[in-house]
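Below is one structure, written out as structure tokens; the observations come after it.
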Amino acid sequence: MLRALTSALRLPRPWRPLQTRSCSSDGAAGDPEIQVRALAGPDQGITEILMNRPSARNALGNVLVSELLEALARLREDQQVRVLLFRSGVKGVFCAGADLKEREQMSEAEVGIFVQRLRGLMNEIAAFPAPTVAAMDGFALGGGLELALACDLRVAASSAVMGLIETTRGLLPGAGGTQRLPRCLGVALAKELIFTGRRLSGAQAQALGLVNHTVPQNEEGNAAYHRARALAQEILPQAPIAVRLGKVAIDRGMDVDIASGMAIEGICYAQNIPTQDRLEGMAAFREKRPPRFVGK
């Protein structure tokens, strides 16, 4: 078992430079529906994925899902990405969920294939090696909340509205909501929210533990983004390999018994011991100075 775990917990391959993609703010046909941006200066190490499909309130259609999958595949190989932040370029909306208008045109077989791709997208977000943060500045309904649940951390504006509302549309959550919401809130509360299709404000979501932070919305409509960025800035100075291995230990450990979880933690800890950053951390402590971590 330990040998299998060791094989499964290997670190990503060395980073490759990322080519930034852009999208038009008017959402014209044929334009990319996301923008990937690596921040610079004091924010170096933060990469943003900005969803920009204003005509459909960032609904998850085939094109948007394909572009998100493509971006994640490229970004996961880039160890310069220390925090990945999901945000919206559409004011008042994070993500309105699956594109039901597009789905109406699909056969039952096509719907099944699309939902499987949507579930795969959420799994790719959840398995992303660096910490992920969702900045929820507006509506996050159905698949939009499932996308946020796949992230490690969530920040919401007080005016945000979120919920797994699929039962109000004759559906049930199909992109991880029935699994990630009870792991986040507990079984009974998750059942209540899914059975009723209830919508929550940002403040209600924080009170339940669904989001890490809630902030008052500002005139620009991007208060959650700014708080999420500040949260990412708190992660940036920390040893990136240790942070990534900490994420692995938590995620893998939550799905097994405590003894197996302790074994997973031990494997992750052993992988961190030979790193230059661990030695730098010890040296900085001894010399009473801030550490300078390089991710090696």
So which of Val133, Val111, Val115 ends up being touching a residue at least 60 places away in the same chain (Cβ under 8 Å) and in a helix (DSSP H, G or I)? Val115
Applying the selection to the range 170-215, what residues are over 16 Å from Ala135 (Cα atoms), surrounded by fewer than 19 Cβ atoms within 10 Å (Cβ to Cβ) and of a type in the set (A, V, I, L, M)? Leu171, Leu172, Leu185, Val187, Ala188, Leu189, Ala207, Leu208
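Rundown of residues vs (1) under 17 Å from Tyr225 (Cβ atoms); (2) of a type outside the set (Phe, Trp, Tyr); (3) not in a helix (DSSP H, G or I), yes/no style:
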position	(1), (2), (3)
Val63	no, yes, no
Ser66	no, yes, no
Asp78	no, yes, yes
Leu85	yes, yes, yes
Val90	yes, yes, yes
Phe94	yes, no, yes
Lys101	no, yes, no
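Could you grab me the full set of residues in the range 231-247 that are of a type in the set (Lys, Arg) and buried (at least 20 other Cβ atoms within 10 Å of the Cβ)?
Applying the first criterion (of a type in the set (Lys, Arg)) to the range 231-247 yields 244, 247.
Within the range 231-247, just Arg244 meets the criteria.
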Out of Leu60, Leu84, Leu68, Leu9, which single residue is modelled with pLDDT of 95 or more, open to solvent by less than 70 Å² (accessible area, probe 1.4 Å), over 17 Å from Ala232 (Cβ atoms) and of a type outside the set (Asp, Glu)? Leu68
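Step by step: first the residues of the range 248-261, then only those that are over 24 Å from the mean Cα position of the chain (by Cα) and under 24 Å from Arg180 (Cβ atoms), then the one that is surrounded by the most Cβ atoms within 10 Å (Cβ to Cβ). Which residue is that?
Residues of the range 248-261 over 24 Å from the mean Cα position of the chain (by Cα): 257-260.
After this cut, where a residue has to be under 24 Å from Arg180 (Cβ atoms) as well, the list is 257-258, 260.
Working: Asp257: 9, Ile258: 8, Ser260: 15.
Ranking the candidates gives Ser260 first.
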Any residue at all in the range 164-183 that's among the small types (Gly, Ala, Ser) and closer than 30 Å to Glu280 by Cβ? no
Among the residues of the range 138-167, which ones are of a type outside the set (Gly, Ala, Ser), in contact with a Gly (Cβ under 6 Å, 6 or more places away or on another chain) and part of a loop (DSSP other than H, G, I, E, B)? Leu164, Ile165
Met51 meets each of (1) at pLDDT 95 or above; (2) open to solvent by 20 Å² or more (accessible area, probe 1.4 Å); (3) not polar (S, T, N, Q) with one exception, condition (2)
When you look at Glu77, is it surrounded by fewer than 18 Cβ atoms within 10 Å (Cβ to Cβ) and either in contact (Cβ under 8 Å) with a residue 40 or more places away in the chain or within 24 Å of Asp152 (Cβ to Cβ) (or both), yes or no? yes
So which residues in the range 28-48 are over 24 Å from Pro240 (Cβ atoms) and surrounded by fewer than 16 Cβ atoms within 10 Å (Cβ to Cβ)? Ala28, Ala29, Gly30, Asp31
Return the residue satisfying two criteria in turn: it lies in the range 216-230 and is under 20 Å from Leu84 (Cα atoms) and of a type outside the set (Phe, Trp, Tyr), and of such residues it is most open to solvent (accessible area, probe 1.4 Å). His226
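Give Ala98, Ala156, Ala148, Ala134 a once-over and let me know the one that is of a type in the set (Gly, Ala, Ser), open to solvent by less than 20 Å² (accessible area, probe 1.4 Å), closer than 24 Å to Ala190 by Cβ and over 13 Å from the mean Cα position of the chain (by Cα). Lay out the reasoning, then the answer.
Numbers: Ala98 fails: open to solvent by less than 20 Å² (accessible area, probe 1.4 Å); Ala148 fails: over 13 Å from the mean Cα position of the chain (by Cα); Ala134 fails: over 13 Å from the mean Cα position of the chain (by Cα).
Result: Ala156 is the single residue among Ala98, Ala156, Ala148, Ala134 that is of a type in the set (Gly, Ala, Ser), open to solvent by less than 20 Å² (accessible area, probe 1.4 Å), closer than 24 Å to Ala190 by Cβ and over 13 Å from the mean Cα position of the chain (by Cα).
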Is there a residue being at pLDDT 95 or above and in contact with a Leu (Cβ under 6 Å, 6 or more places away or on another chain) anywhere in the range 150-161? no
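The values are calculated or read from the model by the stated rules, or taken from the named source; none is laboratory data. Remember, it's a predicted structure, so these values are computed and weren't measured experimentally. FYI the Cβ positions are ideal-geometry reconstructions off the backbone, even for glycines, and counts take in every protein chain you see. Only protein heavy atoms, including side chains, enter the accessible area calculation; ligands, DNA and RNA are left aside. Shrake-Rupley method; radii C 1.70, N 1.55, O 1.52, S 1.80 Å.
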